[in-house]
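Below is one structure, written out as structure tokens; comments come after it.
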Amino acid sequence: MNNLRSTLALLVALSGSCCPAWGLGIDTPTEQAAGTAPVGGEKWTAVIDGKEVPAPAIPMGDDATVRAILDEGKNRNQVMAHLTYLSKEIGPRLTGSANAEAANRWCEEQYRAWGLANPRIEQWGEVATRFDRGPSAAKVLLRREKKDDDGEVTSVEYEPLRDIQFTTLAWTKGTDGPRRGPVIKQPATEEEFEAMKGDLEGAWILIKARPPAGQRGFRSGLQDQFKRRMETRKKAAAAESLDGLSLLDRLALEPVAGFISTGRDERIWTGGAPDWRARPLEEVPDDVHAIVRLSDYDFINSRISDKEPIEVEIDANNVLTPGPIPTYNTIAEIVGTEFPDEVIIISAHLDSWDGPGSEGSTDNGTGSSVTLEAARILAAVNAKPKRTIRFVNWTGEEQGLLGSEAYVESIKDHWPNISACFVDDGGTNYQGGLGAADFMVEFLAAATAPINNQFYSETDKKWLNVNIRHSGKKIETHGSSDHASFNAVGIPGFFWDETGRADYGYGWHTQHDTLELAIPEYLMQSATNSALVAYRLACAPSLLPREGELMDKEPVTDDAVEDAPADAPKTNSGN
């Protein structure tokens, strides 16, 4: 048998074949050269603080199951099929939307089809008004007038000049069909305001662009403008004094078509209206605010400066449905054989933002698909963990970790039995490591060891390994994802370091968040690693050690999540 293995390996090396030999149970040429690939799975290599070391001798399940997980994850991985369905068939999944509920139910169906126990959608809350965004479009048009010999206008035509990419805040009204009108710059003085009053009806107001000093605070600024326009209208309706209001606020009382503003680059970030969760449909104001990319803003601004007779037409197809609308997490399990009440949680948030063009792929269709595939792999190899492995697809993460926070509160009596919660929410990069409190490092190094030197990237020219980092007395991890809901109550929560070549900020909450950004080899590694970690910790001699306060707690609120910088990935390791 050993001679046969050597012969097969030599043939692969000589042939220069790009097909992996994993399915044959032999080492690839690269593995042989590296000298680190385990033979038969008996020797695993851990990576601790960036150095390869023998895996800590902590028994974590049987090697046959580990080898089966690796084989399934390498050779029959379906993570891209899950992501493609979520992105292309369902699309963006705003919390409380019809798409989000469809995704919850689809995940439940997948878990049931794979034979997991207790697949279910579990309500965690409700929203007062459902928001669904339909197909939307916008364009700049040039007005052309035809005149007779006396100079009288006989006809008006509009020539399309440019399509515009745009979004609006979620949970705000749309245009109720295409809305066309001239564009007027935001007035800078009282005199300008008075002079333009006769031209405001049906016009789009171009709001002055922000200074080029970074993006932080942009979306919260949009929320603030929305809120101030609401308050201005309420004051006017109550005949209260409008003294002290800015000129921009006072435009809210004029019969304008709406407002147009931009960020500082080609990304168009989608956020939500303030107080969205409790606002009933009848209290949603008639207020349209289009946010466009910088090049579209510059095009419009330049045409106005040249005094060209342009108009803008925006069709924002925003559908609001009166509630209450229930909101869900999707949950399923592989029940433990010896300690079924002790639980390892593998999870990701299913919800996304929903601006036109976005498919919710890298935030967080990728993590959702990794979670699904980890479950499928374990079911496919008939894994028998000693503890229960629970898979959860959260919603409400983008609005302040709402689904996970409610879930943690609902299992309060079981907190001591939750070994750990792992979250994949950093885009399409691979699971490159964890920052761990010192007393957890050996456990996590042992759990992750089998993934090391198994996935080699020809593009990156390196192994996609998992580095467990000592971080002192507390867990070092990103604060603003669903694991934080667990850390807040003393349950170990981990946010995977997302390592690799992807530019997370390019797609984050923007029109670019599409399937085309996905990197299959990274997602295959992540799904396989999630399955391995879940199985091995579920078979460990004890729950993951925990001592005292687990991490420096960051307050996570709706506003904090909304105001996160778009150019920083949710990770500690970077690229």
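Among the criteria (1) of a type in the set (Asp, Glu); (2) over 21 Å from the mean Cα position of the chain (by Cα); (3) under 25 Å from Ser352 (Cα atoms), the one Glu442 does not fulfil is (3). One residue is enough: does the stretch 339-346 have a residue meeting the conditions part of a strand (DSSP E or B), closer than 30 Å to Asn317 by Cβ and of a type in the set (A, V, I, L, M, F, W, C)? There is no residue in the stretch 339-346 that is part of a strand (DSSP E or B), closer than 30 Å to Asn317 by Cβ and of a type in the set (A, V, I, L, M, F, W, C). Taken together, the residues in the stretch 122-157 that are at pLDDT below 95 and either among the basic types (Lys, Arg) or touching a Lys or Arg at 6+ places or on another chain (Cβ under 6 Å) (or both) amount to 8. When Ser347, Ser369 are checked against the criterion of being touching a His at 6+ places or on another chain (Cβ under 9 Å) and within 30 Å of Ala137 (Cβ to Cβ), a single residue qualifies: Ser369. When restricted to residues that are buried (at least 20 other Cβ atoms within 10 Å of the Cβ) and within 26 Å of the chain's Cα centre (by Cα), the stretch 308-323 contains 2.
Looking across the stretch 505-532 at every residue that is within 19 Å of Ser352 (Cβ to Cβ) and polar (S, T, N, Q), the one that is surrounded by the most Cβ atoms within 10 Å (Cβ to Cβ) is identified as Ser526.
Quick one: is Pro135 in a loop (DSSP other than H, G, I, E, B) and surrounded by 11 or more Cβ atoms within 10 Å (Cβ to Cβ)? In short, no.
Quick one: is Pro450 out of contact with any strand residue (DSSP E or B) (no Cβ under 8 Å at 6 or more places or on another chain) and buried (at least 24 other Cβ atoms within 10 Å of the Cβ)? For Pro450, the condition - out of contact with any strand residue (DSSP E or B) (no Cβ under 8 Å at 6 or more places or on another chain) and buried (at least 24 other Cβ atoms within 10 Å of the Cβ) - is met.
One line per residue, one yes/no per condition, for (1) surrounded by 13 or more Cβ atoms within 10 Å (Cβ to Cβ); (2) at pLDDT 95 or above:
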{"position": "Arg162", "(1), (2)": "yes, yes"}
{"position": "Thr167", "(1), (2)": "yes, yes"}
{"position": "Gly177", "(1), (2)": "no, yes"}
{"position": "Pro211", "(1), (2)": "no, no"}
{"position": "Arg219", "(1), (2)": "yes, no"}
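Restricting attention to the stretch 430-466, the residues being under 14 Å from Gly500 (Cβ atoms) and aliphatic (A, V, I, L, M) number 2. Against the test of being touching a residue at least 60 places away in the same chain (Cβ under 8 Å) and either touching a Pro at 6+ places or on another chain (Cβ under 7 Å) or closer than 23 Å to Gly336 by Cβ (or both), the options Ile451, Ile468 yield a single qualifying residue, Ile451.
If the condition is being under 24 Å from the mean Cα position of the chain (by Cα) and closer than 11 Å to Gly433 by Cβ, then the stretch 469-504 contributes Glu476, Thr477, Phe494, Phe495, Trp496, Asp497, Glu498, Thr499. In the stretch 77-103, the residues that are of a type in the set (Lys, Arg) reach residues that are assigned to a helix (DSSP H, G or I) with C-beta atoms within less than 6 angstrom, at least six apart or across chains, in these pairs: Arg93/Asn99; Arg93/Ala100; Arg93/Ala103. Just wondering, is there one or more residues in the stretch 299-308 that are in the same structural domain as Trp204 (by TED's automatic domain parsing), at pLDDT 95 or above and in contact with a Ser or Thr (Cβ under 7 Å, 6 or more places away or on another chain)? So far as the stretch 299-308 goes, no, none of its residues is in the same structural domain as Trp204 (by TED's automatic domain parsing), at pLDDT 95 or above and in contact with a Ser or Thr (Cβ under 7 Å, 6 or more places away or on another chain).
Residues in the stretch 60-103 that are assigned to a loop (DSSP other than H, G, I, E, B) and either more than 24 Å from Arg376 (Cα to Cα) or polar (S, T, N, Q) (or both): Asn77, Gln78, Leu94, Thr95, Gly96, Ser97.
Per the conditions (1) in a helix (DSSP H, G or I); (2) surrounded by 14 or more Cβ atoms within 10 Å (Cβ to Cβ); (3) out of contact with any Phe, Trp or Tyr (no Cβ under 9 Å at 6 or more places or on another chain), the sole criterion not satisfied by Glu109 is (2). In the set (1) in a helix (DSSP H, G or I); (2) at pLDDT 50 or above, the condition left unmet by Ala57 is number (1). Remark: pairs (first residue in the stretch 402-416, within 11 Å of Gly125 (Cβ to Cβ) and assigned by TED's automatic domain parsing to the domain that holds Phe486; second residue among the small types (Gly, Ala, Ser) and surrounded by 14 or more Cβ atoms within 10 Å (Cβ to Cβ); Cβ separation under 7 Å; 6+ apart in sequence or on different chains) = Leu402/Gly125; Leu402/Gly396; Gly403/Gly396; Glu405/Ser485; Ala406/Gly125.
The values are calculated or read from the model by the stated rules, or taken from the named source; none is laboratory data. Nothing here was measured: the structure is a model prediction, and the numbers come from that model. Using ideal geometry, Cβ is built from the backbone for each residue, glycine included, and neighbour counts are taken over all protein chains shown.
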